[in-house]
There are 2 protein chains.
Amino acid sequence: MHSGISPDTIPTSPSPLRERQAKRISILEAAGDVFCREGYAGANIDLVATEAGVSRQTVYNHYGDKEKLFIAVVRDLTERCNASIFATMATFPDRPNNLEDDLVAFALRMNRNCICNREGRLLHKLIQADGERYPELLTIWREQGPGRTWSAMAAHFARLAHAGYLVMDDPDLAAHHFVALVNAQLRTTFMLGEAPTEAEVTQSTRNGVRAFLRAYGKCRSAAPGETSSQGRHYHGN
Amino acid sequence: MHSGISPDTIPTSPSPLRERQAKRISILEAAGDVFCREGYAGANIDLVATEAGVSRQTVYNHYGDKEKLFIAVVRDLTERCNASIFATMATFPDRPNNLEDDLVAFALRMNRNCICNREGRLLHKLIQADGERYPELLTIWREQGPGRTWSAMAAHFARLAHAGYLVMDDPDLAAHHFVALVNAQLRTTFMLGEAPTEAEVTQSTRNGVRAFLRAYGKCRSAAPGETSSQGRHYHGN
DNA sequence: AGACAGTTGGACAGGCTTGTCTAATTTGTC
DNA sequence: GACAAATTAGACAAGCCTGTCCAACTGTCT
């Protein structure tokens, strides 16, 4: 999205094209923040321009319209989020060394790089708040994002089950339960669009993976409460 | 909230007071819908008045201000939601006959009466979209709602564990995992503020409770994939 | 130096919304 | 029937925001 010119053709020279691109991006970022904070109706082009360090006219030159700007923001965020989701998905531990630790590490990468970061939180809130008004935008996101994400993750879990690490009937259901458990203790924070603490993320992830392994693990790990370092849950201290 | 006059003092006579109250409520409901659809900034008092079947001036007579109206809406929704949450919480199966079925029934009540119903979805979206702008409102909701809800549910799970039905270290964590699992397959629907199908709710709830019992049950139920009518997961057919 | 593309600040019309005011009207009560 | 309270429709000023237009400015390229 932020390309148009490749870094090879024009190196680092402060050419006018490069500056134009920089402004374009700057506007997109500022617009993301403002739309997210104020909602579509409450967002103010003047504020976007100021926050982007650009004159209002430049915003109109680049994006033409408030609505077009909004659509550009959502499309950009969708693409960036999907890219990082699939990049992270490729690191799924298909051949885990230590199943629990590897799943925890994977879930942490996913949370940090795709869900709790700026793009993830912004997209989440924009879709939720103003998505209804643009059904086409919403279906694009829906099919391209969650749709592919769930089936990809389900495929990984199916592979893990086939290799004998887990036991499950429905890999898609397992994927939903995995994500739900891993984020179980972050829901209230998520809801307000805040960024959870690093410690909160670690704790929720670790606890979620342990519960997931008790539900889907092959050799049932120790139940919580039994004296086993694995079974005790994680408080982050 | 909708009181002010008790049903005893004035029976069912169409007194002017009663009509005034009816209009007051009508405005509150219409405002809830409009604020939720359009967001605070996009909401239009004329639209609220029309949708409430009332003149604009009446809205101002009752609530004085757009901001005051918004606050009244959120306060009302918060109170009503909390009331139904705690009413439902009282039906927690402390002495379950069939643990799985009773937990499923409880979770279904909670979902239907408190989370997926009109008030639940509206409050959820209002808090998420415009909550930031009114920190005091948000903390009231936070302390009075989720705070007390989690500890109440944790207490019930602790009781269940103490009675030998479940095994857990941290009842609060178990409560979070329970809710997360039960709603695992409804997340995408939730995010858009839509009302999930009855079938979707049933399916997600049943599957979630089964996974929960595999993770926290005492006598480990059959793993999924093993030939057992209990272990097979639910597709709603 | 001159052409040129992009940016800037400001002015400005048009539209929409909030909140107020007023006169007319309804509806129950005395 | 007269009175009081509430409601209604409409007009209205004030403010904000969008989107456009324009003249001046900056930097690069020829």
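The values are calculated or read from the model by the stated rules, or taken from the named source; none is laboratory data. Just so we're clear, the structure is a prediction, and the values are computed from it rather than from any experiment. Positions of Cβ are backbone-derived with ideal geometry, glycine not excepted, and every protein chain shown enters the neighbour counts. Side chains included, ligands, DNA and RNA excluded: accessible areas come from the protein's heavy atoms. Shrake-Rupley method; radii C 1.70, N 1.55, O 1.52, S 1.80 Å.
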Report summary line: B:His2 vs (1) at pLDDT 90 or above; (2) within 29 Å of B:Arg133 (Cβ to Cβ): all pass except (1)
Requested in this report: From the list B:Arg80, B:Arg56, pick out the single residue that is in the same structural domain as B:Leu28 (by TED's automatic domain parsing) and within 17 Å of B:Phe35 (Cβ to Cβ).
Outcome: B:Arg56
Query raised in the report: Inside the stretch A:34-80, can you point out the residues that are of a type in the set (Lys, Arg) and within 11 Å of DNA strand D (Cβ to nearest atom)?
Result: A:Arg56, A:Lys66, A:Lys68
Query raised in the report: In the stretch B:13-40, what residues are touching a residue at least 24 places away in the same chain (Cβ under 8 Å), open to solvent by 30 Å² or more (accessible area, probe 1.4 Å) and within 11 Å of DNA strand C (Cβ to nearest atom)?
Result: B:Tyr40
Query - helices (runs of 4 or more DSSP H) fully within the stretch A:70-156 counting 1 or more residues that are open to solvent by 10 Å² or more (accessible area, probe 1.4 Å) and modelled with pLDDT under 95 - result: A:118-130, A:135-142
Query raised in the report: Before we move on, is A:Val54 within 11 Å of DNA strand C (Cβ to nearest atom), open to solvent by less than 30 Å² (accessible area, probe 1.4 Å) and either out of contact with any Leu (no Cβ under 9 Å at 6 or more places or on another chain) or of a type in the set (Lys, Arg) (or both)?
Result: yes
Query raised in the report: Since A:Gly120 meets every condition but one in (1) more than 15 Å from the chain's Cα centre (by Cα); (2) within 26 Å of A:Asn207 (Cβ to Cβ), which condition does it not meet?
Result: (1)
Query - Test result for B:Thr149, more than 7 Å from chain A (Cβ to nearest Cβ) and in contact with a helix residue (DSSP H, G or I) (Cβ under 8 Å, 6 or more places away or on another chain) - result: yes
Query raised in the report: Where residues in the stretch B:169-209 are touching a residue at least 40 places away in the same chain (Cβ under 8 Å), open to solvent by 30 Å² or more (accessible area, probe 1.4 Å) and closer than 19 Å to B:Phe92 by Cα, which of them is nearest to the other protein chains (Cβ to nearest Cβ)?
Result: B:Arg206
